[in-house]
Amino acid sequence: MKTAISKLIVATAMLGALGWISASNARFGVSAASAQGAAKSQEVVVKIDNFSYMPHDITVAAGTTVIWVNNDDIPHTVVSTTDAFKSKALDTDDKFSFKFDKPGTYEYFCSIHPKMTAKVIVQ
Amino acid sequence: MGKIIRENLNNDGVDRRGFLKCMAWAGTGTLCLVQGGVLKSFALSEVANMDQSKLKGDLSFVQISDSHIGFDKAANPDVTATLREAIAKINGLGQPPAFVLHTGDLSHLSKASEFDTLDQTLKSIHTEKIFYVPGEHDVLNDNGEQYRERYGKGSLGDGWYSFDQKGVHFIGLVNVMNLKAGGLGSLGKEQLEWLEHDVKTLKSSTPIVVFAHIPLWSVYPEWGWGTDDSAQALSYLKRFGTVSVLNGHIHQVMQKVEGNVTFHTAMSTAFPQPQPGTAPSPGPMKVPADKLGGLLGLTNVNFVRGKHTLAVVDSTLQG
């Protein structure tokens, strides 16, 4: 957990260095809300580790592309509960990305291991 | 060993002590005798000194599970080799099995090449027929279309079916499709209706064997090890004298008796998974190479007609 937190801190610091405003968020979340005039192609990475999406819930600005990377030895998927997006089965190190253009709360889960749930909040 | 678990703290029939006792069986090999719904279990080391004729029945079959062909990570870089070891065990049995049940996760990623390798490897089993149910790894990306084309001929819906062998009614169920966010395994309304109809005309004295991939009892819901609507399915089986439920998915041996129903999960032929709650996740468990064979295996089941006796023997690849 300590490692995960320190990674988040590093990630947040890096975003700040790139001219982004980072705001603190819910205890499971991380914010990547951009400042006005920030580059259009923002990307946020969600890692799939130990049957969990990390960070669990994220808040991003509209236009952000979220990239999921599967670090487990077992395949997982990223499937919206409202069919907004759906990945194929991601093998180890496979990636899936989706660009969130519209604000809203997007809940998703792993259709292979449905106990794995998380959400993307787009502002 | 062999005691029925009586304390029931969370309504699943298994208390922590009993649970750990069940877990200790994993990898050591277990013989279970069910007589009139009461389960007796013995370590395989005890079985060697028992009257072997009691281990033979009118019907003998083998369950294998979770071959995960295509998996090549550290927990077992050669899952085809360990499947071959399991087959060698089957072919070495004194009484060849009437058939083999594979309780799913034949493949790791539902790839045609993985199914091809499995088919090629299973050809060497000395048995009349192999019956299958899908695991969640067999229905990736195509809603199980390829699985049903290869293994589901004559089945209904997502691949469920039943058949009779020597007076025993076997029911293969599918609980890995249309899983809902936050949920467990699922049978679904259509399959439940079919099941109710399927057993309606059977005499209550008919021994029933149900097999499906994900456990049909609440093993560890936190890791998704259970089936949301299994209680509904089991309610249709209440009137039967002997019901045996065989599952895979959790890559370890666990057993439970609840009334007339005996639940049993099988080892994987590919890689072990951790005991519930003992790891951050149920991912593949890496063990030293010389320990792996002791955590993989197969299940041999014998029926003795007229006595309502079911013997379940788990043997490891090492044992």
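The values are calculated or read from the model by the stated rules, or taken from the named source; none is laboratory data. Quick caveat, the model's predicted, so the values are computed rather than measured. We place every Cβ from the backbone using ideal geometry, glycine too, and count neighbours over all the protein chains shown. Quick note on the areas: whole protein, heavy atoms, side chains included, nothing else; ligands and nucleic acids left out. Shrake-Rupley method; radii C 1.70, N 1.55, O 1.52, S 1.80 Å.
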*asked:* It is to be established whether one or more residues within region B:189-210 are modelled with pLDDT under 95, within 14 Å of another protein chain (Cβ to nearest Cβ), open to solvent by less than 30 Å² (accessible area, probe 1.4 Å) and part of a loop (DSSP other than H, G, I, E, B).
replied: no
*Top-ranked residue of region A:106-123 - restricted to ones that are part of a loop (DSSP other than H, G, I, E, B) and of a type in the set (S, T, N, Q), ranked as surrounded by the fewest Cβ atoms within 10 Å (Cβ to Cβ)*: A:123
*asked:* Can you tell me which residue is farthest from the other protein chains (Cβ to nearest Cβ) among those in region B:162-185 that are touching an Asp or Glu at 6+ places or on another chain (Cβ under 6 Å) and more than 17 Å from residue B:222 (Cβ to Cβ)?
replied: B:166
*What's the number of the condition residue B:308 fails, among (1) at pLDDT below 85; (2) more than 23 Å from residue B:200 (Cβ to Cβ); (3) open to solvent by 20 Å² or more (accessible area, probe 1.4 Å)?*
(2)
*Is it true that some residue in region B:123-133 is within 14 Å of chain A (Cβ to nearest Cβ), buried (at least 23 other Cβ atoms within 10 Å of the Cβ) and of a type outside the set (Val, Ile, Thr)?*
no
_Criterion first (touching a Gly at 6+ places or on another chain (Cβ under 9 Å), away from chain A (no Cβ under 14 Å) and in contact (Cβ under 8 Å) with a residue 40 or more places away in the chain) does residue B:312 satisfy it?_
no
*Do you know which of the residues in region B:139-159 that are touching a Ser or Thr at 6+ places or on another chain (Cβ under 8 Å) and surrounded by fewer than 19 Cβ atoms within 10 Å (Cβ to Cβ) is nearest to the other protein chains (Cβ to nearest Cβ)?*
B:141
*In region A:64-83, how many are over 13 Å from the mean Cα position of the chain (by Cα) and farther than 24 Å from residue B:110 by Cα?*
1
*Candidates B:60, B:67, filtered to the one that is assigned to a strand (DSSP E or B), closer than 22 Å to residue B:253 by Cα, under 20 Å from the mean Cα position of the chain (by Cα) and away from every other protein chain (no Cβ under 14 Å)*: B:60
*Filter result for the condition that a residue is open to solvent by less than 40 Å² (accessible area, probe 1.4 Å), over 20 Å from residue B:138 (Cα atoms) and touching a residue at least 12 places away in the same chain (Cβ under 8 Å), over A:66, A:78*: A:66
_Among residues of region B:70-96, those that are crowded, with 24+ Cβ neighbours inside 10 Å and within 19 Å of the chain's Cα centre (by Cα), counted_ = 3
*asked:* Every residue in region B:251-269 that is within 13 Å of chain A (Cβ to nearest Cβ) and out of contact with any Leu (no Cβ under 7 Å at 6 or more places or on another chain), please.
replied: B:251
_So, residue A:81, is that one on the phi < 0 side of the Ramachandran plot and within 8 Å of chain B (Cβ to nearest Cβ) or not?_
yes
_Identity of the residue in region A:87-105, away from chain B (no Cβ under 12 Å) and part of a strand (DSSP E or B), that ends up least open to solvent (accessible area, probe 1.4 Å)_ = A:100
*Considering each of B:224, B:277 in turn, give the residue that is within 14 Å of chain A (Cβ to nearest Cβ), in contact (Cβ under 8 Å) with a residue 24 or more places away in the chain and open to solvent by 40 Å² or more (accessible area, probe 1.4 Å).*
B:277
